[in-house]
Amino acid sequence: MKLTRANLSRSLSQFQGRRILVIGDLILDHFVWGHVERISPEAPVPVVDVKEESYRLGGALNVAANLAALGAKPTAIGALGEDGFADQVRRQCESQGILLRAAATLDRPTIRKTRVIAGSQQMVRIDRELREKFDSELVRELNRAILDSLKSADALIFSDYAKGVVSRKLLASAIPRARQAGIPIVADPKLDNFWSYRRVTLLTPNTKEAGESIGRKLKTQHEIESAGKIIRRRLDSTALLITRGEQGMSLFEEGDRVTHIPTRAQEVFDVTGAGDTVTAVSGLALAAGLNLRLGMEIANLAAGIVVGKIGTAAATPREILDAL
């Protein structure tokens with residue numbers, strides 16, 4: 001189905017009020033903004049004069065923020081440390097209309113990614129995190145929250161950043177229950193759990209993740225097409241979407257149908273969180289019962305908007321309409 005202003009406007013209106021459950025790694029993105037005018041005399045590195053600092057929701061929370069920006073009602077489930085950064089997360093979720101159901105743990109800090117940006121250039125990223133498995137009581141708490149939230153969900157999204165929340169055991173419990181309830185499932189996977197996302201509605205790996213899952217590098221369109229068909233069949237998923245950066249996206253459906261969707265980006269300043277945008281819009285499209293290819297066209301359009309912004313960002317309905 002061709003994307004027109006009429007069906008785009010109608011689709012965006014169908015996103016309003018959809019209840020989307022997001023399960024994954026809750027991350028707080030910390031941005032240090034400044035400019036560079038000199039090189040340090042101590043080492044051959046730039047000196048960043050800091051002008052401003054800000055916090056934004058990252059990881060699974062960025063998926064939830066994208067959903068909220070499009071008028072949905074997201075619930076985010078994951079874990080936070082018992083620290084002031086968790087309080088920052090809670091304040092931002094409340095202000096953006098995200099229902100947060102976070103298990104608190106003393107065993108690890110709230111995950112933070114600090115990006116130092118001079119002008120429009122990211123200079124360095126500093127990660128603060130622990131990746132050990134969660135204890136059994138916290139896992140039980142997460143499972144209770146998931147089972148309760150599934151009762152009212154229109155779609156389920158897994159946002160897996162390989163930080164520990166999404167495990168094979170959790171997937172083995174949540175996926176069958178969502179399927180039994182007729183809830184569409186979108187998964188943005190990492191390699192550790194890749195083959196545990198069996199029978200989800202839509203999997204959204206990037207080219208690198210898709211290649212790693214079958215032990216090969218995907219360089220040509222033919223290689224991507226071959227890999228996509230293998231992965232979709234092996235996972236028995238309804239569809240597979242491989243995101244390909246500046247080359248757009250490739251959608252694989254049952255019957256080995258392949259649709260290549262060219263990128264909509266006009267200018268690329270920062271690809272941070274673009275995959276989260278695709279995942280969020282895909283989940284909304286499935287929740288609204290849209291034609292899958294139409295939904296992926298909208299996801300592609302939204303991703304083209306956020307890469308034109310610096311830092312973790314979301315696209316609004318007005319921006320998406322204007323972009324078309």
Options ALA64, ALA76; residue that is touching a helix residue (DSSP H, G or I) at 6+ places or on another chain (Cβ under 6 Å) and either assigned to a helix (DSSP H, G or I) or under 17 Å from ARG19 (Cα atoms) (or both)
ALA76
Top-ranked residue of region 189-205 - restricted to ones that are free of Cβ contacts under 8 Å to residues at least 60 places away in the same chain, not basic (Lys, Arg) and not in a helix (DSSP H, G or I), ranked as nearest to LEU156 (Cα to Cα):
VAL200
Region 134-151, residues that are under 16 Å from VAL22 (Cβ atoms) and either touching a strand residue (DSSP E or B) at 6+ places or on another chain (Cβ under 9 Å) or among the aromatic types (Phe, Trp, Tyr) (or both):
LEU142, ALA145, ILE146, ASP148, SER149, LEU150
Taking the stated definitions as given, is VAL45 surrounded by 13 or more Cβ atoms within 10 Å (Cβ to Cβ) and over 23 Å from GLN92 (Cα atoms)?
no
Picking from VAL124, VAL186, which residue would you name as being assigned to a strand (DSSP E or B), farther than 30 Å from VAL48 by Cα and of a type outside the set (D, E, K, R)?
VAL186
If only one of LYS208, LYS217 is free of Cβ contacts under 8 Å to residues at least 40 places away in the same chain and in a helix (DSSP H, G or I), which one is it?
LYS208
List the number of the failed condition for GLY84; all other conditions in (1) free of Cβ contacts under 8 Å to residues at least 12 places away in the same chain; (2) touching a Phe, Trp or Tyr at 6+ places or on another chain (Cβ under 8 Å) hold.
(2)
Hey, could you check region 222-250 for residues that are of a type in the set (D, E, K, R), in contact with a helix residue (DSSP H, G or I) (Cβ under 9 Å, 6 or more places away or on another chain) and in a helix (DSSP H, G or I) and say which is surrounded by the fewest Cβ atoms within 10 Å (Cβ to Cβ)?
ARG234
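Values in this text are rule-based calculations from the coordinates and carry no lab data. As the structure is a computational prediction, the values presented were derived from the model and not from experiment. Glycine gets a Cβ as well: all are built from the backbone with ideal geometry, and neighbour counts include every protein chain shown.
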